[in-house]
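A.B. asks: Before we start, here is the structure in question, set down as structure tokens.
What follows draws every value from the coordinates through simple rules; no lab data is involved. Worth saying up front: this structure is predicted, and the values here are computed from it rather than measured. A quick note on method: Cβ atoms are made from the backbone with ideal geometry, for glycine too, and the neighbour counts reach across all protein chains shown.
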């Protein structure tokens, strides 16, 4: 189980340490990793994509807790944000709070620490269940994926030829067609070094971010420079992935079952023409899958008549 990073920010050192020690006792079962900061600048520096939650005082020497929350939302949008403060609620702008803070907990309130611990427990549990973005139509997407027979040898041979074309066009040593199931990424067809890869956890993949792209293409010039992959970069670099281009396989009903991807072991930029080419190849791959489904006994696919 991955560690759960909780950032506690308070200019008062004694109060900061007291909060951490109490929370450590209350959240023992989650084995949280606590980090602390006294200033807005130090706290902002500590923010990264794997942050589970931030607990912050409102009044900081160089700003406010709400400024910190803004920075957290930009880098770790799924992190829980809790204002744990001596500041009175009427001294804080309600408009500033709306949509940014998970909860307000007064330090001086009865059972304040216990309430704070319960809120963090809920946040950590939610973070454990989904450390990656989910499409709004995830249930329908998974149902569409399960409707295809993706173990057919002839189908896989056809898809292999498409990954060959992609790798040749982009002059890379690795390319693959991947499917994203509920908790994992599976490699359906591979070229070159990608043949050595095994099924991986969905939370470790780039492709789980590709399938939520509005334009169905994700280009990453350097995984070490993209905050979304900060916690995954070691895994990706070990696989020889420094740059990435993925284009979604979209069914006739507009559901994404996975992407066609090419990988480079060096930083690389991608043009609009590169994206268009891979998008076209992904459409061909989806056509091939649909065709095999229709020929395989004339079954319905994706809720449509063959």
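A.B. asks: Can you sort 177, 82, 162 from fewest to most other Cβ atoms within 10 Å of each residue's own Cβ?
C.D. replies: Going from least to most buried by this count: 162, 82, 177.
A.B. asks: Where does the Debye-calculated log10 I(q)/I(0) of region 138-295 sit at q = 0.20 Å⁻¹, using only Cα point scatterers of equal weight, no solvent?
C.D. replies: -1.36
A.B. asks: Cα-based Rg of the chain per 2.2 N^0.38 Å, rounded to two decimals?
C.D. replies: Working: Rg = 23.0 Å, N = 306, 2.2 N^0.38 = 19.4 Å.
Taking the Cα Rg and dividing by 2.2 N^0.38 Å, one obtains 1.19.
A.B. asks: Also: How high is the relative contact order of region 4-129, in percent, counting Cα pairs under 8 Å that sit 6 or more residues apart?
C.D. replies: Once normalised by length, the contact order is 25 percent.
A.B. asks: How high is the relative contact order of region 159-202, given as a whole-number percent (alpha carbon pairs under 8 Å, six or more residues apart)?
C.D. replies: 35
A.B. asks: Would you kindly state how much longer the chain becomes between residue 295 and residue 222 on full extension, computed as 0.36 nm times their sequence separation minus their alpha carbon distance, in nm to one decimal?
C.D. replies: Separation in residues times 0.36 nm, less the Cα-Cα distance, equals 22.2 nm.
A.B. asks: Report for the chain the percent antiparallel among DSSP-assigned beta bridges with both residues inside it, nearest 5.
C.D. replies: Given both bridge residues lie in the chain, the antiparallel proportion sits at roughly 60 percent.
A.B. asks: Over what distance in Å are the Cα centres of region 255-280 and region 134-204 separated?
C.D. replies: Value for the Cα centre distance between the two parts: 13 Å.
A.B. asks: Among 276, 91, 38, which one shows the biggest mean-square fluctuation in a GNM of the chain, springs joining Cα atoms closer than 10 Å?
C.D. replies: Greatest mean-square fluctuation among the candidates belongs to 91.
A.B. asks: Residue separation times 0.36 nm, minus the C-alpha to C-alpha distance between residue 272 and residue 45: what's the value?
C.D. replies: 78.4 nm
A.B. asks: What spacing in nm lies between the two simple spin-label points modelled at residue 111 and residue 71, each 7 Å away from Cα in the Cβ direction?
C.D. replies: Roughly 3.4 nm, to one decimal.
A.B. asks: For region 4-129, state what percent of all Cα-Cα pairs lands in each successive 10 Å bin, counting from 0 Å until the bin that includes the largest distance.
C.D. replies: With 10 Å bins starting at 0, P(r) equals 13, 51, 33, 2.
A.B. asks: Identify which of 235, 85, 28 has the largest mean-square fluctuation in a Gaussian network model of the chain, with springs joining Cα atoms closer than 10 Å.
C.D. replies: Comparing 235, 85, 28 in a Gaussian network model of the chain, the most mobile one is 28.
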